[in-house]
Amino acid sequence: MEPRDYFVHESSYVDEPCSIGPGTKIWHFSHVMKNSRIGEKCNIGQNVVISPDVVIGNNVKIQNNVSVYTGCILEDDVFCGPSMVFTNVVNPRSHVIRKDEYKTTLVRKGASIGANSTVVCGTTIGCYAFVGAGSVVTRDIPDYALVYGNPARVRGWMCGCGINLMFDPEGHAKCQACGAVYTKTVEKVEQVVPVEA
């Protein structure tokens with residue numbers, strides 16, 4: 001058996017073929033299914049299922065009791081809170097096979113999804129968006145948006161470092177924690193000055 005540069009707890013299963021990057025850790029009672037691709041330095045918690053053909057970037061944190069179903073793409077630095085839920089079929093029925101109808105769910109770089117949230121398939125969660133605990137995501141979420149509720153609605157804006165942004169009347173904001181500068185036009189927020197050295 002070839003030495004591997006990632007960790008899998010002895011109680012977990014990793015089906016072949018799949019790809020797991022160096023430094024990734026897969027903890028107790030989890031199952032990684034065939035043709036999954038998991039990047040480097042990810043942390044996969046207890047009782048997590050990664051379904052076939054899922055794509056997960058680098059430095060992704062998936063907390064306990066999360067199922068990442070076929071059709072999900074998680075980009076780098078995504079955080080999935082405990083017991084949050086992804087779906088992959090809009091109209092499931094036990095007696096109807098709909099594997100050819102799976103919808104793609106895209107979670108963009110740096111986004112965080114709070115504990116016990118539900119993400120309805122076919123949606124995109126924008127870069128560095130923040131989904132509050134217990135929310136139900138039924139539509140696309142803009143970059144840097146803070147959303148919560150059922151259905152989840154935009155309630156504010158978040159810096160890439162996770163701090164609330166307060167915009168002036170001209171649509172400018174500077175993060176009080178890291179110094180990054182943002183502009184806002186209608187419902188679009190962009191970082192214009194990166195974090196200060």
**Request:** Note the listed values (1) 31, 21, 13; (2) 29, 19, 15; (3) 32, 19, 17, then indicate which one is semi-axes √(5λ) of the Cα gyration tensor in Å calculated from this particular structure.
**Result:** (1)
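Can you give the accessible area per residue of the chain, in Å², using a 1.4 Å probe? Before the final figure, lay out each step's value.
On the way: 10610 Å² over 197 residues.
Per residue, the chain has an accessible area of 54 Å².
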**Message:** Sort V55, V154 by heavy-atom solvent-accessible area, probe 1.4 angstrom, most to least.
**Reply:** V154, V55
**Calculated from backbone phi, Karplus (6.51, -1.76, 1.60) coupling profile of the stretch 149-156 in Hz, x at Gly/Pro** = x, 10, x, 5, 10, 5, 10, x
**Size of electric dipole in the chain: Cβ of Lys, Arg +1 and of Asp, Glu -1, about Cα centre, debye, nearest 20** = 520
**Prompt:** Within the chain, what is the number of lysine pairs with alpha carbons under 21 Å apart, leaving out pairs fewer than eight places apart on the same chain?
**Reply:** 15
**Message:** Among H31, Q46, I20, which residue has its Cα furthest toward the positive end of the charge dipole of the stretch 1-77, with +1 on Lys/Arg Cβ and -1 on Asp/Glu Cβ?
**Reply:** Q46
**Message:** Just to verify a number: what accessible area does K188 come out at with the full protein assembly present, 1.4 Å probe, Å² rounded to tens?
**Reply:** 110
**Message:** Skipping prolines and chain starts, which residues have an amide H placed within reach, meaning under 5 Å, of the one on I20, given they are 5 or more residues away or on another chain?
**Reply:** I38
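Tell me the carbon and sulfur percent of the accessible area for the chain, rounded to whole percent, probe radius 1.4 Å. If you can, show how the numbers build up before the last one.
Numbers: 5410 of 10610 Å².
Accessible surface attributable to carbon and sulfur in the chain totals 51 percent.
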**Prompt:** Residue by residue, what Karplus-based ³J(HN,Hα) values in Hz, rounded to whole numbers, does the stretch 181-187 have, using 6.51, -1.76 and 1.60 with θ = phi - 60° and x for Gly and Pro?
**Reply:** 10, 10, 10, 10, 10, 6, 10
**Asked** In whole angstrom, how far apart do the alpha carbon centroids of the stretch 132-197 and the stretch 44-90 sit?
**Response** 23
**Asked** What is the set of long-range amide H partners of R155 at a cut-off below 5 Å, with H atoms built 1.01 Å from backbone N?
**Response** L146, V147, Y148
**Prompt:** Which cross-chain or sequence-distant (5 or more) residues have an amide H under 5 Å from the amide H of K41, H modelled 1.01 Å from N in plane?
**Reply:** G23, T24, N59
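The values are calculated or read from the model by the stated rules, or taken from the named source; none is laboratory data. Everything numeric here is computed off the predicted structure, so don't read it as measured data. Here the Cβ is made from the backbone with ideal geometry for all residues, glycine too, and neighbour counts use every protein chain on show. All accessible areas refer to the heavy atoms of the entire protein, side chains included, with ligands and DNA or RNA removed. Shrake-Rupley method; radii C 1.70, N 1.55, O 1.52, S 1.80 Å.
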